[in-house]
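What follows is a single structure, written as structure tokens, with notes after it.
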Amino acid sequence: GALQDRRVRMSFNDGRNVLLLATEPYDLITIELTSVWFAGAANLYSTEFYQLCRSRLRHDGVLQQWVQLHHIRQRELAVVLRTLRSAFEHVALFVSGGQGILVASGRPLVASRARLTELSNQPAIRETLGDLASLEQLIGRLMFSGDDLDRFVADSARDGGALLSNDENLYLEYATPKGNVMSYHKSYGAMVSTLSRYRTADAYGRHLR
């Protein structure tokens, strides 16, 4: 019944333009879109867009964005991460359901164990957890953040991946179609295997208190 909530306003519009015109700050900006290689999608992974999101979030606000881990090369994923990191000090990459989930904020990404437990016990939330025992298990799907993420980007840069994608070069829009020739399962498996090499033990522990 979310759409019937009196606090909800629905806008059929270009999301980036909505943000450009926004006057009130957001607690959360969450983005789900089609694959990056479609025309126009790359402008939601550019320095200008991430800076816009940062300017429209509260000081402790959070940006969450889907990113594909299949049909994409290591270099392009590194460009996404580096571009996001240029606007946000704190960035984390989660892997869940065969997809990547980016979470970014100007403040440290730390969740309260007590609060997660409290939320997990609410019937409406329990219904959405599926095979998860609690929301805390979602934090366990963190692949890496902080120094681990930066090491992945730095190593990828040695192969020419130290670029920033912006509205002028639209690097991702022209580079990501090269991943279309890759097998879904092989490309996803290879990417997760590569990312796992940068995940340190108890990677998610530092995000709980």
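The values are calculated or read from the model by the stated rules, or taken from the named source; none is laboratory data. As the structure is a computational prediction, the values presented were derived from the model and not from experiment. Glycine also receives a Cβ, built like all others from the backbone with ideal geometry; neighbour counts cover every protein chain displayed. SASA here: full protein model, heavy atoms, side chains in, ligands and nucleic acids out. Shrake-Rupley method; radii C 1.70, N 1.55, O 1.52, S 1.80 Å.
A few notes on this one:
- The one condition from (1) under 19 Å from the mean Cα position of the chain (by Cα); (2) in a loop (DSSP other than H, G, I, E, B); (3) farther than 22 Å from Ala104 by Cβ that Tyr198 does not meet is (3).
The rows are residues; the columns are (1) among the β-branched types (Val, Ile, Thr); (2) open to solvent by less than 10 Å² (accessible area, probe 1.4 Å); (3) on the phi > 0 side of the Ramachandran plot; (4) out of contact with any Ser or Thr (no Cβ under 8 Å at 6 or more places or on another chain).
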site	(1), (2), (3), (4)
Arg56	no, no, no, yes
Asp60	no, no, no, no
Gln64	no, no, no, no
Ile72	yes, yes, no, no
Glu76	no, yes, no, no
Val80	yes, yes, no, no
Gly97	no, no, yes, yes
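- Filter result for Asp167 (at pLDDT 90 or above and assigned to a loop (DSSP other than H, G, I, E, B)): yes
- Filtered by the rule that a residue be of a type outside the set (Val, Ile, Thr) and closer than 30 Å to Glu48 by Cβ, region 3-17 gives Arg7, Arg9, Met10, Ser11, Phe12, Asn13, Asp14, Gly15, Arg16, Asn17.
- Taking the criterion of being of a type in the set (A, V, I, L, M, F, W, C) and in a helix (DSSP H, G or I), the residues of region 71-86 that qualify are Leu77, Ala78, Val79, Val80, Leu81, Leu84.
- Flag if Leu52 is open to solvent by 10 Å² or more (accessible area, probe 1.4 Å), assigned to a helix (DSSP H, G or I) and hydrophobic (A, V, I, L, M, F, W, C): yes
- Among residues of region 177-195, those that are in a helix (DSSP H, G or I) and open to solvent by 40 Å² or more (accessible area, probe 1.4 Å), counted: 10
Matching residues to (1) open to solvent by 60 Å² or more (accessible area, probe 1.4 Å); (2) of a type outside the set (A, V, I, L, M, F, W, C); (3) not in a helix (DSSP H, G or I):
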| position | (1), (2), (3) |
| --- | --- |
| Phe88 | no, no, yes |
| Gly100 | no, yes, yes |
| Pro108 | yes, yes, yes |
| Ser134 | no, yes, yes |
| Asp148 | no, yes, no |
| Ser156 | no, yes, no |
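- Among the criteria (1) of a type in the set (Phe, Trp, Tyr); (2) loosely packed, with under 14 Cβ neighbours inside 10 Å; (3) assigned to a strand (DSSP E or B), the one Tyr174 does not fulfil is (3).
- Check on Glu173, over 24 Å from Gly97 (Cβ atoms) and either in contact (Cβ under 8 Å) with a residue 12 or more places away in the chain or touching an Asp or Glu at 6+ places or on another chain (Cβ under 6 Å) (or both): yes
- Output for region 16-42, where each listed residue is at pLDDT 90 or above and not in a loop (DSSP other than H, G, I, E, B): Arg16, Asn17, Val18, Leu19, Leu20, Leu21, Tyr26, Asp27, Leu28, Ile29, Thr30, Ile31
- Residues of region 26-40 classified as open to solvent by 80 Å² or more (accessible area, probe 1.4 Å), over 14 Å from the mean Cα position of the chain (by Cα) and within 16 Å of Trp66 (Cβ to Cβ), total: 1
- Among the residues of region 119-129, none qualifies, meaning not one is open to solvent by less than 30 Å² (accessible area, probe 1.4 Å), hydrophobic (A, V, I, L, M, F, W, C), in a helix (DSSP H, G or I) and free of Cβ contacts under 8 Å to residues at least 40 places away in the same chain.
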